[in-house]
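Below is one structure; the comments refer to it alone.
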């Protein structure tokens with residue numbers, strides 16, 4: 001079955017951010033996410049999961065272990081466990097991206113701060 005934003009499991013997080021679970025099995029997850037301008041996720045790390053973030057549209061800022069990286073459309077970056085990281089949208093338009101995790105990040109995330 002084809003997966004897209006219209007038929008995938010949808011959830012919201014943070015301040016008006018969206019996620020669509022395109023693949024969600026024990027060994028892997030692929031999530032399409034949307035972050036409006038001015039939003040960020042909690043700083044965190046994963047015990048086991050390696051993640052790859054790939055920007056579909058907009059500009060994403062990602063802090064990895066204290067260093068900020070800016071990713072434009074069609075650029076990606078890998079985050080290995082257990083490296084702390086945090087995604088921001090510091091731009092003036094939505095950013096949409098894929099997060100590919102291996103294995104799945106369910107029960108693998110450790111939050112490092114309470115800010116949102």
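The values are calculated or read from the model by the stated rules, or taken from the named source; none is laboratory data. This one's a predicted model, so the numbers in the text were calculated from it and none came from an experiment. All Cβ positions, glycine included, derive from the backbone under ideal geometry; neighbour counts span all protein chains shown.
Below, the figures for the structure above:
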{"item": "Criterion violated by residue 89 - all others in (1) surrounded by fewer than 18 Cβ atoms within 10 Å (Cβ to Cβ); (2) touching a strand residue (DSSP E or B) at 6+ places or on another chain (Cβ under 6 Å); (3) within 20 Å of residue 10 (Cβ to Cβ) satisfied", "result": "(1)"}
{"item": "One residue from 31, 62, 83, 77 being closer than 13 Å to residue 105 by Cβ and either at pLDDT 95 or above or touching a strand residue (DSSP E or B) at 6+ places or on another chain (Cβ under 6 Å) (or both)", "result": "31"}
{"item": "In segment 95-109, the residues that are assigned to a strand (DSSP E or B) and over 9 Å from residue 31 (Cα atoms)", "result": "95, 96, 102, 109"}
{"item": "Residue list for segment 72-81, filter: assigned to a loop (DSSP other than H, G, I, E, B) and surrounded by 13 or more Cβ atoms within 10 Å (Cβ to Cβ)", "result": "73, 75, 80, 81"}
{"item": "Condition broken by residue 3, with the remaining ones in (1) part of a loop (DSSP other than H, G, I, E, B); (2) surrounded by 14 or more Cβ atoms within 10 Å (Cβ to Cβ); (3) within 15 Å of the chain's Cα centre (by Cα) satisfied", "result": "(3)"}
{"item": "Number of positions in segment 9-43 that are assigned to a loop (DSSP other than H, G, I, E, B) and buried (at least 18 other Cβ atoms within 10 Å of the Cβ)", "result": "2"}
{"item": "Qualifying residues in segment 53-62 (those that are in a strand (DSSP E or B) and surrounded by 15 or more Cβ atoms within 10 Å (Cβ to Cβ)) - the one nearest to the chain's Cα centre (by Cα)", "result": "53"}
